[in-house]
Amino acid sequence: MRKVPQLASLSLAALLFAGAASADLKIAYIDPLSGGAASAGVNSQKHVQFFIDKINAAGGLNGEKLELLSYDNKVNPQESLIMLKKAIDEGARIVFQGNGSAVAHAITDAVLKYNERNPGKEVLFFNYAAIDPALTNEKCHFWHFRFDADVDMKMGALTDTIAKDPKIKKVYLINQDYSFGKAVSAAAKTMLAAKRPDIQIVGDELHPLQKVQDFSPYVAKIKASGADTVITGNWSNDMLLLFKAGKDAGLKVNYFTYYGGGLGSVPAIGVDGVGYLKQVTEYHNNILPTPDPDEVAFHKRYTDKADEFYYWRLKNTFAMLAAAATKAKSNDPVKIARALEGMKLDTVFGPMEMRADNHQLLQPLFVSTLSDKVKYGLEGTSLGFVTDRKIDAKDTALPTTCKMQRPS
């Protein structure tokens, strides 16, 4: 098992000025930088820039410096395709996107078609957060790599936790009305039926993505249903506004979430979420006894209380990119893709692996609960998450229907 490359420790000055160096390998970032989802998009953009600057300060990839090109897609698939074309025209060879599985579907289809039509000019799609299972099943292809656990992998961890709690009797599902939200709803119903057939699904709600400004009508339905538990995949504004409405209405339920620790959510729910708010993630800032060096450096660079070091999966992504480029002795996308297939790296939390059969990263996951008894709080609060259980990478693997077609 090879170790994750340990890039040189950087001073703040090095981080700030590394991006000014001439760049040979361009990386496109296509995600929301304005609108209701901007909090997620801007924060993840900062993570991408941080790790690019770290690689550049350590000498780049195979001696080539990296340059980040950022594009605001407003979580719109059509806008994303325009931005993708612009990114490719401007020389991008690796595309990062994560917010919105509908966007990921548009990008992955476009990347596949572009590469088929432009041999020798291929681009890679690095998906760090769009987790519709279809993307690494029936929609899989050689040029797409996902660095986040998919809906079913995460729902498996959440429903295992629910299954062990006899007090949970009635569950309300509320999700965003697009491919990801529908996948969360379907997975919850299937897995709860198998693990706890006595649990009643008392609501199954889909609402417009990042358009609802007042969730009080939805909260009223949840209260009227008698639910003791809510399962939601909501993210960004749709998560924190749901919490705010629930808090204002005095709603007392368990929240089992995918993104309950995302920016703004913990301040929105406050102490009302202590003991009730759960999440499934690859990281939270109270797992390690002392902060990770990258987290320390990130917070020295980005000092706003909202700039949390949230995307550990992006740390994993760039570790794998660096290892693949080293293995391939090339920054050519085709060679990097071949080097990534089946790659195994060790991390502080245990081994991770990029599956060769469907390009889905297997990494350790953690189910955690919001607590007021933590060493490190979030976003200027005294609240943070404590681990309930860890799921090793190998135990997150699920069957795949992917039939990978590789270039000759």
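The values are calculated or read from the model by the stated rules, or taken from the named source; none is laboratory data. The model shown is predicted, which means the values in this text are computed figures rather than measured ones. Positions of Cβ are generated from backbone atoms using ideal geometry, with glycine treated the same way; all protein chains shown enter the neighbour counts. Heads up: the accessible areas ignore ligands, DNA and RNA and are worked out on the full protein's heavy atoms, side chains in. Shrake-Rupley method; radii C 1.70, N 1.55, O 1.52, S 1.80 Å.
Per-structure values
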item: The stretch 243-285: number of residues that are more than 26 Å from F349 (Cα to Cα) and among the aromatic types (F, W, Y); result: 1
item: Top-ranked residue in the stretch 258-283 [being of a type in the set (S, T, Y) and closer than 20 Å to L314 by Cβ; ranked as farthest from the chain's Cα centre (by Cα)]; result: S265
item: Residues that are surrounded by fewer than 20 Cβ atoms within 10 Å (Cβ to Cβ), assigned to a loop (DSSP other than H, G, I, E, B), of a type in the set (A, V, I, L, M) and at pLDDT below 90, drawn from the stretch 1-38; result: M1, V4, L7, A8, A20, A21, A23
item: Residue within the stretch 312-322 that is of a type outside the set (G, A, S) and open to solvent by 20 Å² or more (accessible area, probe 1.4 Å) present; result: yes
item: Selected residue [part of a helix (DSSP H, G or I), open to solvent by 80 Å² or more (accessible area, probe 1.4 Å), of a type outside the set (S, T, Y) and touching a residue at least 12 places away in the same chain (Cβ under 8 Å)] from K394, K390; result: K394
item: Residue within the stretch 355-363 that is closer than 30 Å to P119 by Cα, open to solvent by 60 Å² or more (accessible area, probe 1.4 Å) and touching a helix residue (DSSP H, G or I) at 6+ places or on another chain (Cβ under 6 Å) present; result: no
item: Residue count, the stretch 117-127 (criterion: open to solvent by 10 Å² or more (accessible area, probe 1.4 Å) and under 21 Å from Q78 (Cβ atoms)); result: 1
item: Those residues of the stretch 39-84 which are free of Cβ contacts under 8 Å to residues at least 12 places away in the same chain and either in a helix (DSSP H, G or I) or buried (at least 19 other Cβ atoms within 10 Å of the Cβ) (or both), in sequence order; result: V42, E79, I82
item: Selection status of V230, within 25 Å of V274 (Cα to Cα) and under 21 Å from the mean Cα position of the chain (by Cα); result: yes
item: Pair list, Cβ < 8 Å and 6+ apart or interchain, from the stretch 261-287 residues that are within 13 Å of S382 (Cβ to Cβ) and basic (K, R) to residues that are surrounded by fewer than 20 Cβ atoms within 10 Å (Cβ to Cβ) and modelled with pLDDT of 95 or more; result: none
item: Residues of the stretch 177-189 classified as farther than 18 Å from V280 by Cα and open to solvent by less than 60 Å² (accessible area, probe 1.4 Å), total; result: 2
item: Filtered residue count, the stretch 160-176, keeping only those that are among the polar types (S, T, N, Q) and surrounded by fewer than 23 Cβ atoms within 10 Å (Cβ to Cβ); result: 1
item: Verdict on L192 being surrounded by 15 or more Cβ atoms within 10 Å (Cβ to Cβ) and at pLDDT below 95; result: no
item: Test: V374 is in contact (Cβ under 8 Å) with a residue 24 or more places away in the chain, under 27 Å from P291 (Cβ atoms) and open to solvent by 10 Å² or more (accessible area, probe 1.4 Å); result: yes
item: Out of L241, L206, L251, sole residue that is closer than 22 Å to D132 by Cα and either assigned to a loop (DSSP other than H, G, I, E, B) or open to solvent by 10 Å² or more (accessible area, probe 1.4 Å) (or both); result: L206
item: Given (1) touching a residue at least 60 places away in the same chain (Cβ under 8 Å); (2) open to solvent by 40 Å² or more (accessible area, probe 1.4 Å), index of the condition H299 fails; result: (1)
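Conditions tested, residue by residue: (1) part of a loop (DSSP other than H, G, I, E, B); (2) open to solvent by 10 Å² or more (accessible area, probe 1.4 Å); (3) closer than 22 Å to D357 by Cα.
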position	(1), (2), (3)
R93	no, yes, no
A102	no, yes, no
T108	no, no, yes
A129	yes, yes, yes
A134	no, yes, yes
K139	yes, yes, yes
